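Shown next, in structure tokens, is the structure this report addresses.
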Amino acid sequence: MSLLPRRWRLPYLALLTVIGLLLSASALQAYRLSGGRRLWEPFLWEFSSVAVIGALALGVHALVGRLLGRPWPRQLAAHAVALPLFSGLHIAGMFGLRLAVYGLAGLGYQPDDVPTLLVYEGGKDAVSYISFCLISRGIWMAQAASARAQELDRARRELAEVRLARLADQVQPHFLFNTLNLISAVMYEDVARADRLLCQLADLLRQTLAAQQRAEHTVREELALVQPFLALMQARFGPERLVVRIDAEPAALDCRLPALLLLAPVENAVKHDVARHRGCVTVVVAAAIEGGRLRLRISNHGDTPVPEAPTDPDGGLGLRNLRERLAARHGSAATVNFGPDGAGMSLALELPCVC
């Protein structure tokens, strides 16, 4: 049984037992009609054959596995040698068991002569051997197909992780350059203020660099990056131009999402929409759980109507990056909706809540 994995040993023995009982029941009927008196004899005859065949079938299965992928002439030659060996071992093992049991019972047992046995049992063994070969080949091919499918799935997951890492790498430079452009606007107006902004930016960059080492983190950790960024932008534009509100349900804070997912959309909401409104702009970042799914919303509303809508329906590079990152992580299970919302714009994300 060493050729059989441990988890399959009991089912295999159960299968052999069922086959032995079915054959024995059939043989018992014929035995009784012929006047037989020892009812255990049909069971001995059939189980001795099934036991030996069951052991030999494992060897056939191993042989078929070794021959897979070899040239057909070599496979046929190996089977031509193995078939007589299979039949010989079956006959010897089967009658050896019978003679041993009859000897222990103090009874005589006289099998047929060798030529008759070879013809009778050899024909049945040839059919059994070919059947085992076909079944074993199917099993090996199914296992190979399953292994290939698992390898392909693993390769796809690795490719998705690489793609996700590449997309995440695009976030940091995009965020950094735009933030530096914002800070440069005040460098010649208020040096002390610019210095404070640069210090805040340095602290924020340290946090984002640490976050970028992880493929994903919790909503709580993502908001811990968004909040200082919004504080930085409030210092840049002033509280009279930018109002910030973060509404996050406690249950949503433990959901996981790709690292730095919200930073670029929040940045765009501040950079573009504060400039497009003449008055005060309110930026809201909300997170909630609905129906077991995480719903995130980034919206902005101004005191005055928006002069013009964005020309890019996809929301620009940042939003395309966000769509690709969510698709790489969650596929069609994640949705992204972006568009006008009253006097501002709204970005709604929905994805599975995985804690």
Restricting the stretch 311-320 to residues that are out of contact with any His (no Cβ under 8 Å at 6 or more places or on another chain) and open to solvent by less than 70 Å² (accessible area, probe 1.4 Å), the one modelled with the highest pLDDT turns out to be Leu319
Result of the Cβ filter at 6 Å on the stretch 186-209, keeping first residues that are within 16 Å of Phe237 (Cβ to Cβ) and in contact (Cβ under 8 Å) with a residue 24 or more places away in the chain and partners that are open to solvent by less than 60 Å² (accessible area, probe 1.4 Å) and in a loop (DSSP other than H, G, I, E, B), at least 6 apart or interchain, is Arg193/Val186
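I'd like the full set of residues that are surrounded by 15 or more Cβ atoms within 10 Å (Cβ to Cβ), aliphatic (A, V, I, L, M) and closer than 17 Å to Ala62 by Cβ, limited to the stretch 82-100. Outline the logic, then answer.
We begin by selecting, within the stretch 82-100, every residue surrounded by 15 or more Cβ atoms within 10 Å (Cβ to Cβ); these are 82-83, 86-87, 89-91, 93-95, 97-99.
Imposing the further condition that a residue be aliphatic (A, V, I, L, M) reduces the set to 82-83, 89, 91, 94, 97, 99.
Matches in the stretch 82-100: Ala82, Leu83, Leu89.
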Scanning the stretch 256-276 residue by residue, those among the small types (Gly, Ala, Ser) and either open to solvent by less than 20 Å² (accessible area, probe 1.4 Å) or at pLDDT 80 or above (or both) turn out to be Ala259, Ala264, Ala269
Of the residues in the stretch 217-255, those that are β-branched (Val, Ile, Thr), open to solvent by 30 Å² or more (accessible area, probe 1.4 Å) and farther than 12 Å from Ala287 by Cα come to Val243, Val244
So, first residue more than 8 Å from Glu46 (Cβ to Cβ) in the stretch 21-35, second residue open to solvent by 80 Å² or more (accessible area, probe 1.4 Å), Cβ within less than 9 Å, six or more apart or across chains; the pairs are Leu28/Leu39; Tyr31/Arg38; Tyr31/Leu39; Arg32/Leu39
Output for Cβ contacts, cut-off 8 Å, separation at least six or different chains, first residue touching a residue at least 60 places away in the same chain (Cβ under 8 Å) in the stretch 58-76, second aromatic (Phe, Trp, Tyr) and open to solvent by less than 20 Å² (accessible area, probe 1.4 Å), reads Val60/Phe86; Val60/Tyr129
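Name the residues in the stretch 183-198 that are open to solvent by less than 70 Å² (accessible area, probe 1.4 Å) and part of a helix (DSSP H, G or I), would you?
First, pick out the residues of the stretch 183-198 that are open to solvent by less than 70 Å² (accessible area, probe 1.4 Å): 183-186, 190, 192-194, 197.
Across the stretch 183-198, the qualifying residues are Ile183, Ser184, Ala192, Arg193, Ala194, Leu197.
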I'd like to know if the stretch 39-62 contains one or more residues that are part of a helix (DSSP H, G or I), over 30 Å from Ile139 (Cβ atoms) and open to solvent by 70 Å² or more (accessible area, probe 1.4 Å). yes
Hey, does the stretch 89-101 have a residue that's of a type in the set (D, E, K, R) and not in a helix (DSSP H, G or I)?
no
Among the residues of the stretch 1-43, the number that are closer than 25 Å to Tyr102 by Cβ, of a type outside the set (Ser, Thr, Tyr) and within 49 Å of the chain's Cα centre (by Cα) is 9
query = In the stretch 13-36, is there at least one residue being open to solvent by 50 Å² or more (accessible area, probe 1.4 Å), modelled with pLDDT under 90, touching a Leu at 6+ places or on another chain (Cβ under 6 Å) and not in a helix (DSSP H, G or I)?
reply = no
Confirm whether Arg214 is open to solvent by 70 Å² or more (accessible area, probe 1.4 Å) and either of a type in the set (Ser, Thr, Tyr) or out of contact with any strand residue (DSSP E or B) (no Cβ under 8 Å at 6 or more places or on another chain) (or both).
yes
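With respect to Gly279, is the statement that it is open to solvent by less than 30 Å² (accessible area, probe 1.4 Å) and without any contact (Cβ under 8 Å) to a residue 12 or more places away in the chain true?
Numbers: open to solvent by less than 30 Å² (accessible area, probe 1.4 Å): yes; without any contact (Cβ under 8 Å) to a residue 12 or more places away in the chain: no.
Taking the combined requirement at face value, the residue does not satisfy it.
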Every listed condition ((1) surrounded by 12 or more Cβ atoms within 10 Å (Cβ to Cβ); (2) within 16 Å of the chain's Cα centre (by Cα); (3) at pLDDT 70 or above) holds for Glu161 save (3)
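Can you tell which of Ala287, Ala194, Ala185, Ala202 is within 38 Å of the chain's Cα centre (by Cα) and small (Gly, Ala, Ser)? Reasoning before the result, please.
Numbers: Ala194 fails: within 38 Å of the chain's Cα centre (by Cα); Ala185 fails: within 38 Å of the chain's Cα centre (by Cα); Ala202 fails: within 38 Å of the chain's Cα centre (by Cα).
Of Ala287, Ala194, Ala185, Ala202, the one residue that is within 38 Å of the chain's Cα centre (by Cα) and small (Gly, Ala, Ser) is Ala287.
The values are calculated or read from the model by the stated rules, or taken from the named source; none is laboratory data. Computed from a predicted structure; not experimentally measured. Heads up, the Cβs are rebuilt from the backbone with ideal geometry, glycines too, and the neighbour counts pull from every protein chain shown. Surface accessibility is based on the protein's heavy atoms, side chains included, excluding ligands, DNA and RNA. Shrake-Rupley method; radii C 1.70, N 1.55, O 1.52, S 1.80 Å.
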